[in-house]
Structures are given as structure tokens and as C-alpha cells.
Amino acid sequence: MWSDRSMCHQQDFSHEVLNTFRSNLKKKFEHLYEGTATQGNPTLLNKIYTELYITESESGEISNEHEVRQIETQSRRAATEDTPIKCSDIFGALPGQDKPIRTVLTKGVAGIGKTVSVQKFILDWAEGKENQDVQLIFPLPFREINLMTEKTQSLSDLLHVFFPETKEMEISRDEYKVLFIFDGLDECRLSLNFKSKVKLCNISESASVDVLLMNLIVGNLLPSALIWITSRPAAADLVPSECVHRVTEVRGFNEPQKEEYFRKRISDQSLADRIISHLKSSRSLFIMCHIPVFCWISAAVLEKMLSPAESGEIPKTLTQMYTHFLIMQTNIKHEKDYEKTVKDEDMILKLGKLAFQQLVKGNLIFYEEDLRECGIDVTEASVYSGLCTQIFREEFGLYQGKVFCFVHLSIQEHLAALYVHLSSTNYNRNVIDQLTKQRLWSKMKYWFQLSSSEHVSLSELHQRAVDEALQSKNGHLDLFLRFLLGLSVESHQVLLQGLMKQTRSRSDRNQKTVKYIKKKIRTIDSPEKSINLFHCLNELGDRSLVEEIQQYLRSGRISEANLSSSQWSAVVFVLLTSKKKLDKFDLNKFVGGNNKADNMKVLQKLLPVIKESRSVQLRDCGITGEGCAALASALRSNPSHLRELDLSGNELRDLDIKLLCAALQDSHCKLEKLWLSDCGITDEGCTALASALRSNPEHLRELDLSWNRLSESDVKLLSDLKDDPHYKLERLYHCKYIFI
């Protein structure tokens with residue numbers, strides 16, 4: 001009887017602790033500080049939350065493009081190609097899946113909504129709405145775990161620090177179904193070594209925090225626990241793919257969700273309509289609205305600019321939007337008590353230097369030592385955070401110390417560009433050259449404190465910035481470059497007159513910069529890199545190349561024109577930034593005559609367009625091995641949009657076919673129809689095709705091999721696959737016959 005009472009008491013106690021735990025998490029996560037620090041006015045998450053577009057994804061290779069370019073690519077992706085997943089269902093099996101999911105990796109670009117998705121998941125659980133089979137959720141952001149590196153401790157001790165209620169629980173037993181959420185893998189400063197042989201199986205065993213996390217993710221510690229990790233794409237491969245059972249991607253807002261956000265955010269619906277209409281008028285701005293943080297920035301700026309009291313020019317470029325946002329925040333600062341002691345210029349320059357320094361290093365979050373390196377003490381940083389809550393944020397960790405960050409990466413990039421611009425115009429300092437110094441003398445501790453004694457003009461500074469951005473392997477300076485060039489136009493001199501000590505003469509315009517960028521577009525090999533340079537020209541107000549190409553495309557006579565290299569780059573930019581979906585690409589519409597060498601040059605130039613197209617028609621185009629290699633890269637790109645490929649009438653060698661077959665085997669390839677009629681394919685090529693289908697049997701439904709020199713035995717290899725229910729192949733054409 002006493003044992004029954006004791007057990008009943010223990011259950012009541014456990015239930016009480018769990019309720020307290022839920023209540024504490026609910027209080028912490030029920031408010032959304034949209035861009036503001038904790039001192040700001042919070043909004044109930046459930047009131048403003050707009051469902052985000054989350055899909056099942058693949059790990060794949062890491063993109064070497066700036067995240068804004070990744071957003072532009074995603075904006076053209078057909079929704080029907082993806083498997084959408086509700087945030088609350090990420091651990092649930094999809095139809096046809098029966099394998100249990102322990103670890104989920106959710107990736108997405110900065111500001112796309114990963115952290116808000118985590119917040120909504122936790123809030124729904126704490127309110128008893130979703131995932132009630134889970135008893136405990138432990139949110140452990142990497143930006144706070146980073147502060148725990150100096151101490152050796154057990155997982156149990158770590159949880160006690162973050163969640164004191166757990167001192168009364170026995171987490172090591174299977175009594176509780178537990179979920180650990182590690183938000184912001186890209187912010188991790190721990191050395192997560194998944195090849196380490198240090199194995200921990202008991203949560204009471206002490207080790208460094210990185211070893212604890214590694215053993216938890218691998219499954220040595222608490223193997224029954226669920227793990228959810230979020231990351232920007234560039235850091236997603238820090239966790240080995242064998243440790244991850246599902247990869248999802250937060251794609252931000254789709255088209256209807258963008259409008260839904262503004263209608264929720266702006267109470268005046270007629271004003272919301274005007275804001276939406278203005279953003280739609282600028283393709284580059286509306287694409288950026290996939291990112292929720294950009295929607296918030298745009299709403300804040302346009303709500304003010306479109307009000308009857310305002311008469312200024314409405315922002316039409318990214319630089320204009322961010323500069324107006326910055327000015328709004330400095331105007332808010334003037335209403336606070338610190339106005340007399342903190343000058344706008346001093347604050348902007350110090351924050352800008354921090355932004356620039358950390359951008360070069362690839363950091364989005366900063367600690368006290370990072371601030372000190374930049375000449376900012378912690379007290380000063382706290383003042384800046386209080387003054388500009390919607391630009392610079394100070395967060396108090398659950399443990400010890402403080403974490404600082406800009407509200408979004410794009411705000412950091414804009415401030416970094418403004419710092420470089422003001423350093424040049426106000427002080428004749430060339431801080432861009434410090435990038436070169438970093439590469440040459442990376443071991444120098446205080447290289448950022450050095451400044452170039454050489455005076456360079458603003459156009460020379462721009463040229464060096466262009467060169468640095470083009471040399472970046474991952475495009476991390478692309479948006480910074482767009483901002484830097486945009487800040488130099490005349491309209492910004494008026495906006496920034498409170499910060500600029502001298503303005504440029506009317507004769508000192510941006511013609512030299514424009515000329516240099518056009519030269520780079522003409523000479524660089526990478527069509528992808530030229531896309532950002534066209535965005536730069538747009539920021540500078542030069543659309544001459546683009547308008548010329550748009551005229552050619554409208555007339556339908558582009559195949560008659562003898563286009564230069566830079567003009568072909570402009571074709572790529574125009575097609576990729578068009579509102580129209582890239583459904584069908586036909587090379588014959590772009591080339592005139594039968595010059596095979598010219599055809600291959602155009603094919604290479606238009607490869608970014610081919611990669612974004614669903615159907616590619618290359619019939620009788622004189623495709624060579626070089627062209628097959630380019631097509632193979634399109635087939636294996638991640639994601640691959642190509643579903644139909646017609647290569648009929650091209651004389652292909654066995655080596656060329658093998659190049660294509662290697663791409664067909666790739667898991668990213670989703671090709672459904674392949675036409676290879678009259679291509680000179682031999683038995684060797686047929687064997688390679690059969691092997692490719694065996695490796696990737698899920699997608700190809702139609703294959704045309706008519707009018708090729710094939711033996712019956714080799715055709716039988718493919719017809720056997722067509723008859724096998726494990727393969728999707730439905731139609732196989734050979735000679736004058738069709739096998740159905």
C-alpha cells in the first residue's frame with residue numbers, strides 16, 4: 001500500500017514538474033520580437049505567424065552562390081516538384097515511408113524563418129496543440145552553447161544549467177520521449193569532430209561540450225531522443241549525412257504567403273494593397289520577399305513612405321530600401337535619451353566596421369572579444385543595441401556572457417558597405433585593400449587596424465570591390481557589392497547628407513565604374529558570376545544592356561543578331577529575372593545558321609537558363625562532347641529542373657553518351673523524357689543507358705532510340721527494364737517500332 005502511495009506521489013510530482021516545464025517554455029516562446037530586441041514591443045506569435053513553405057529536401061553539394069542568388073533560383077521552382085511538410089509534422093513519415101525518423105536537419109538561408117519555425121513548433125507543443133507524444137523539448141541554440149566551451153561537464157549538468165527543472169527528472173531513462181533542438185548550426189564555433197573515437201553512453205559522463213553534442217547527434221547518448229538541427233545551407237554538411245534521417249528546407253514565403261504577411265502586418269488594407277503592388281513592380285524586390293525579414297523591412301519602410309505625410313522617392317532598389325530603413329532607425333534614436341552622447345556618424349562607423357570585419361570572416365554572431373577587436377566595448381554595444389533595436393541586437397544567453405548580432409545578414413552587408421563608402425568619402429581611406437592584406441598576412445592579429453595610406457578615387461575603390469567579389473568562391477560579397485555601388489548614386493548623397501562630410505562633384509559620376517563592370521561581364525568565363533554584375537548595374541541606374549536585349553527578345557529576331565559575349569550574358573540575366581516561368585528552352589530560337597562552333601558557344605553562355613528550364617530542345621544543333629558535358633552538369637545540378645531533353649539529330653560519340661549516362665545515374669537527376677533519335681548510338685552507348693537506368697530507376701518514363709545502330713540483344717536490355725515493375729520506363733522507341 002505504501003509503495004502504491006509512493007508511486008502515485010512520484011507520478012503527481014513528475015506531472016507537476018512537466019507542467020512547470022511546459023509553462024516556462026510557453027512564456028519564453030509565445031512572443032515574437034520581429035527584428036527588435038527584448039526591450040521592444042513584443043507581438044504574440046500566434047497573432048502574426050504566417051505559415052512558411054517547408055519542403056523535403058536533399059543534402060547534396062554546398063552551393064557556391066550568395067544566398068540571395070539561391071532565393072532567386074528557388075523563386076522559379078515549380079511548387080508541384082516539391083513535397084511540402086508542415087512544421088509540426090517534420091518527424092512524421094510521409095506516404096510510402098515507414099523508416100523511423102530520429103534526426104532532422106532543416107536548412108534555409110539567413111532570415112528565411114528557421115528560428116521562427118522552431119519557435120512555433122515549441123509553442124504549439126507547450127500549448128498542447130501538436131506533438132503531444134513528446135514529453136520534453138530542450139531548445140539549445142548554438143549561439144548560446146558557444147558560451148559553454150571552457151568547461152567540461154556532463155549532458156545532465158548541461159541541461160541543469162539551461163533547464164533547472166530537469167534536476168528533478170531522470171532523463172537517462174526511457175520514461176520520457178525527449179526532443180533536442182539545436183538552432184543555428186552555421187553559428188557553431190565548436191569543433192564538432194564526428195570522426196572522434198570518444199564514445200559516451202551515460203549522460204552523467206563528463207566531456208567537452210562538442211564531444212557531448214557529437215555523441216548525442218550520433219546516437220551514443222540517449223539513442224531514443226529526437227534531434228532537430230537548423231542551419232544555413234553553407235554549414236549543413238557539418239553533420240555527416242549518415243547521421244541525418246530527413247533533410248527539410250525552409251523556403252520562406254511562397255507567392256500567396258507574401259501577400260498574406262503584408263495583410264496581417266498592415267492593418268490598413270488599402271495601404272497593404274499599395275505596398276504589395278509597389279513590390280510587385282520591382283522583380284528584384286518581390287523575389288526578396290521570399291525572406292520574411294525582408295518583408296518586415298519593406299513593410300516598415302513602405303508603410304511610412306506611402307503615408308500622406310511623406311513626399312520622398314519610393315525605394316525601387318535594394319540599396320534604397322535598406323538606406324531608408326537605416327535612416328528610419330537613426331531618426332528613432334533621436335527620440336531617445338542618448339542623442340547628446342552618441343553621434344550618428346560615430347555609431348554607424350563603429351557598427352559598420354564590425355559588420356565589415358565579421359562579414360569578411362563569415363560571422364553572423366559576435367561575442368565580447370569580437371567587439372573589442374573592433375574597438376567597441378560591451379557597454380557601448382549595449383547602448384547601440386538600445387538605440388537601434390531593429391538593426392543591432394544584444395541577447396543575454398541562458399548561461400554567462402552576451403551575444404551580439406545584426407538583425408539580419410543583409411543589414412550587416414548594408415552597414416559594411418556604408419562603412420567602406422564613408423571611409424572613402426569622408427576620410428580618404430581604402431578599407432577594401434584590407435581584404436588583400438588578410439589573404440597575404442592572415443596571421444597578423446590586428447590587420448583590421450591597419451589602413452591604407454594610398455588614396456584611391458571612389459571609382460578605383462569600386463573596381464577593387466568588384467574584383468574582390470568576383471574572386472570570392474562562395475559569392476559572400478555579392479550583396480555587399482550591390483549595396484556599395486548603390487550608395488554612390490546621387491539620390492543617396494541626399495539621403496546620407498547627415499553622415500557625409502563632403503559630396504561628390506557632378507562630374508565625378510559612376511561612368512568609370514559602369515564601364516569597368518561591362519568590361520568584366522564581357523571577359524569573365526562564368527555566366528553565373530555575371531548575373532550579380534547586372535544587379536550592380538541596376539543599382540547604378542544603368543539598364544542599357546538589359547533594355548537592348550529586351551528589345552531583341554520582344555521582336556523575336558534575336559537569332560538574326562550577332563550578339564557579343566556581354567550581350568549573351570544580358571540574355572541570361574533577362575530570362576532569369578523575368579516573371580515568366582522558364583518552361584521550354586529551344587536553342588534554335590537563339591542561333592541562326594548551322595555553325596556548330598557558334599552553337600556550342602551560345603549553349604555554354606545560356607547554360608544557367610538551361611539549368612532552370614523544364615524542357616530543353618536541342619534537335620539538329622550540332623551538339624558536341626563539350627555540349628554534352630554542359631548538359632550533364634545541368635542534369636546533376638541540385639536541384640535539377642530538367643524533365644525533358646531532346647538531342648535527336650546530333651551525331652554523338654559513345655564517349656558523349658557516357659557523359660550523359662553518368663549524369664542520369666546521379667540522384668539529383670529527375671529527367672522523365674529523353675529523345676536520342678538518329679544520334680549514331682551504338683551497342684556500347686545502349687549498354688551505358690541500361691546501366692544508368694538501373695542506378696536511377698525512379699524517373700525516366702520515355703526513351704527514344706529510333707534510327708540508331710543497335711542490335712536486338714542490346715535493345716532487349718532496355719525493353720526488359722521497361723517490363724520490370726521496379727522501373728518507371730513506360731515507352732521505348734527503337735527503329736520504326738514502339739515498345740509499349
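The values are calculated or read from the model by the stated rules, or taken from the named source; none is laboratory data. Since the model is a prediction, treat every value here as computed from it, not as a measurement. Here the Cβ positions follow ideal geometry from the backbone for every residue, glycine too, while neighbour counts run over all protein chains shown.
Give the residue, chosen from Arg643, Arg614, Arg636, that is among the charged types (D, E, K, R), surrounded by 16 or more Cβ atoms within 10 Å (Cβ to Cβ) and within 27 Å of Ser284 (Cβ to Cβ). If you could, list the steps in order and put the result at the bottom.
On the way: Arg643 fails: within 27 Å of Ser284 (Cβ to Cβ); Arg636 fails: within 27 Å of Ser284 (Cβ to Cβ).
Only one candidate passes the filter, namely Arg614.
What number of residues within the range 552-598 are of a type in the set (Phe, Trp, Tyr) and within 20 Å of Glu644 (Cβ to Cβ)?
In the first step, residues of the range 552-598 are kept if they are of a type in the set (Phe, Trp, Tyr); the result is 552, 568, 573, 585, 590.
Adding the requirement that they be within 20 Å of Glu644 (Cβ to Cβ) leaves 585, 590.
Final tally of qualifying residues: 2.
If you go through the range 1-18 one residue at a time, do you hit one that is in a loop (DSSP other than H, G, I, E, B), farther than 17 Å from Ser117 by Cα and at pLDDT below 75? Please lay out each step first, then the result.
Applying the first criterion (in a loop (DSSP other than H, G, I, E, B)) to the range 1-18 yields 1.
From the residues that got through so far, the ones that are farther than 17 Å from Ser117 by Cα too are 1.
Those left that are additionally at pLDDT below 75: 1.
Yes, some residue in the range 1-18 is in a loop (DSSP other than H, G, I, E, B), farther than 17 Å from Ser117 by Cα and at pLDDT below 75.
Would you kindly identify the strands (runs of 3 or more DSSP E) lying entirely within the range 176-259 that contain at least 3 residues that are within 22 Å of Glu65 (Cα to Cα) and either in contact with a Pro (Cβ under 7 Å, 6 or more places away or on another chain) or of a type outside the set (S, T, N, Q) (or both)?
246-250
Just one of the numbered conditions (1) surrounded by fewer than 22 Cβ atoms within 10 Å (Cβ to Cβ); (2) of a type outside the set (Ser, Thr, Tyr); (3) in contact (Cβ under 8 Å) with a residue 12 or more places away in the chain is not true of Trp228; which one?
So Trp228 meets the others, but not (1).
Name every residue in the range 93-125 that is part of a loop (DSSP other than H, G, I, E, B), aliphatic (A, V, I, L, M) and more than 22 Å from Leu221 (Cβ to Cβ), in order of residue number.
Across the range 93-125, the qualifying residues are Ala93, Leu94, Val109, Ala110, Ile112.
Could you look through the range 617-630, keep only residues that are part of a helix (DSSP H, G or I) and not hydrophobic (A, V, I, L, M, F, W, C), and pick out the one that is surrounded by the most Cβ atoms within 10 Å (Cβ to Cβ)?
Going through the range 617-630, the residues part of a helix (DSSP H, G or I) turn out to be 625-630.
Of the ones still in play, those that are also not hydrophobic (A, V, I, L, M, F, W, C) are 625-627.
On the way: Gly625: 13, Glu626: 15, Gly627: 24.
Taking the candidates together, the pick is Gly627.
So Ile181 ticks every box in (1) modelled with pLDDT under 95; (2) within 24 Å of Thr43 (Cα to Cα) but one. Which box is left unticked?
(1) is the only condition that Ile181 fails.
Could you please find all residues in the range 458-496 being closer than 20 Å to Asp525 by Cα, outside any loop (DSSP other than H, G, I, E, B) and without any contact (Cβ under 8 Å) to a residue 12 or more places away in the chain?
Asp467, Gln471 - these are the residues of the range 458-496 that are closer than 20 Å to Asp525 by Cα, outside any loop (DSSP other than H, G, I, E, B) and without any contact (Cβ under 8 Å) to a residue 12 or more places away in the chain.
With respect to Pro223, determine if the residue is within 23 Å of the chain's Cα centre (by Cα) and surrounded by fewer than 16 Cβ atoms within 10 Å (Cβ to Cβ).
It is false that Pro223 is within 23 Å of the chain's Cα centre (by Cα) and surrounded by fewer than 16 Cβ atoms within 10 Å (Cβ to Cβ).
Working only within the range 136-175, note down all residues that are modelled with pLDDT of 85 or more and outside any helix (DSSP H, G or I).
Leu136, Ile137, Phe138, Pro139, Leu140, Pro141, Thr152, Gln153, Ser154, Phe163
Name, by its number, the condition in (1) closer than 13 Å to Thr152 by Cα; (2) of a type in the set (A, V, I, L, M, F, W, C); (3) in contact with a Ser or Thr (Cβ under 8 Å, 6 or more places away or on another chain) that does not hold for Leu213.
(3)
Only one of Glu454, Glu468 is among the acidic types (Asp, Glu) and modelled with pLDDT under 85; which?
Details: Glu468 fails: modelled with pLDDT under 85.
Within the list Glu454, Glu468, the selection yields Glu454.
Based on this model, can you work out whether Asp268 counts as more than 26 Å from the chain's Cα centre (by Cα) and acidic (Asp, Glu)? Talk me through it step by step, then tell me what you get.
Details: more than 26 Å from the chain's Cα centre (by Cα): yes; acidic (Asp, Glu): yes.
In short, yes.
Matching residues to (1) touching an Asp or Glu at 6+ places or on another chain (Cβ under 8 Å); (2) at pLDDT below 75; (3) β-branched (Val, Ile, Thr):
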{"site": "His31", "(1), (2), (3)": "no, no, no"}
{"site": "Ala37", "(1), (2), (3)": "yes, yes, no"}
{"site": "Pro42", "(1), (2), (3)": "no, yes, no"}
{"site": "Ile54", "(1), (2), (3)": "yes, no, yes"}
{"site": "Glu65", "(1), (2), (3)": "yes, yes, no"}
{"site": "Ile71", "(1), (2), (3)": "no, yes, yes"}
{"site": "Gln74", "(1), (2), (3)": "no, yes, no"}
{"site": "Ile90", "(1), (2), (3)": "no, no, yes"}
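Matching residues to (1) hydrophobic (A, V, I, L, M, F, W, C); (2) over 19 Å from Val244 (Cα atoms); (3) out of contact with any strand residue (DSSP E or B) (no Cβ under 9 Å at 6 or more places or on another chain):
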site: Phe142; (1), (2), (3): yes, no, no
site: Phe162; (1), (2), (3): yes, yes, no
site: Lys167; (1), (2), (3): no, yes, yes
site: Gly184; (1), (2), (3): no, no, no
site: Arg189; (1), (2), (3): no, yes, no
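Determine, yes or no, whether Leu618 is hydrophobic (A, V, I, L, M, F, W, C) and within 29 Å of Arg482 (Cα to Cα).
Judged against the criteria, Leu618 is not a match.
Mind telling me which of the residues Leu710, Leu693 ends up being of a type in the set (A, V, I, L, M) and surrounded by fewer than 22 Cβ atoms within 10 Å (Cβ to Cβ)?
Residue meeting the stated conditions: Leu710.
Pull up the range 100-137, narrow it to residues that are on the phi > 0 side of the Ramachandran plot and surrounded by fewer than 24 Cβ atoms within 10 Å (Cβ to Cβ), then point me to the one that is nearest to the chain's Cα centre (by Cα).
Out of the qualifying residues, it is Asn131.
When the residues of the range 560-584 are filtered to those that are over 17 Å from Arg283 (Cα atoms) and small (Gly, Ala, Ser), which remaining residue is surrounded by the fewest Cβ atoms within 10 Å (Cβ to Cβ)?
Ser564
When both residues are 6+ apart or on different chains and their Cβ atoms are under 9 Å apart, which pairs have a first residue that lies in the range 515-528 and is farther than 19 Å from Lys601 by Cβ, and a second that is of a type in the set (D, E, K, R)?
Here the result reads Ile517/Asp542; Lys518/Asp542, each pair linking the range 515-528 to a residue that is of a type in the set (D, E, K, R).
I need the full set of residues from the range 542-559 which are of a type outside the set (A, V, I, L, M, F, W, C), within 22 Å of Leu487 (Cβ to Cβ) and surrounded by 16 or more Cβ atoms within 10 Å (Cβ to Cβ), in order please.
If the condition is that a residue be of a type outside the set (A, V, I, L, M, F, W, C), within 22 Å of Leu487 (Cβ to Cβ) and surrounded by 16 or more Cβ atoms within 10 Å (Cβ to Cβ), then Asp542 is the only one that fits.
Which condition number in (1) more than 24 Å from Arg251 (Cβ to Cβ); (2) part of a helix (DSSP H, G or I) is the one that Ile314 fails?
With respect to (1) more than 24 Å from Arg251 (Cβ to Cβ); (2) part of a helix (DSSP H, G or I), Ile314 is out only on (2).
Any idea which of Lys443, Lys343 is at pLDDT below 75, within 27 Å of Ile327 (Cβ to Cβ), loosely packed, with under 15 Cβ neighbours inside 10 Å and out of contact with any Ser or Thr (no Cβ under 6 Å at 6 or more places or on another chain)?
One residue alone meets the criteria, Lys343.
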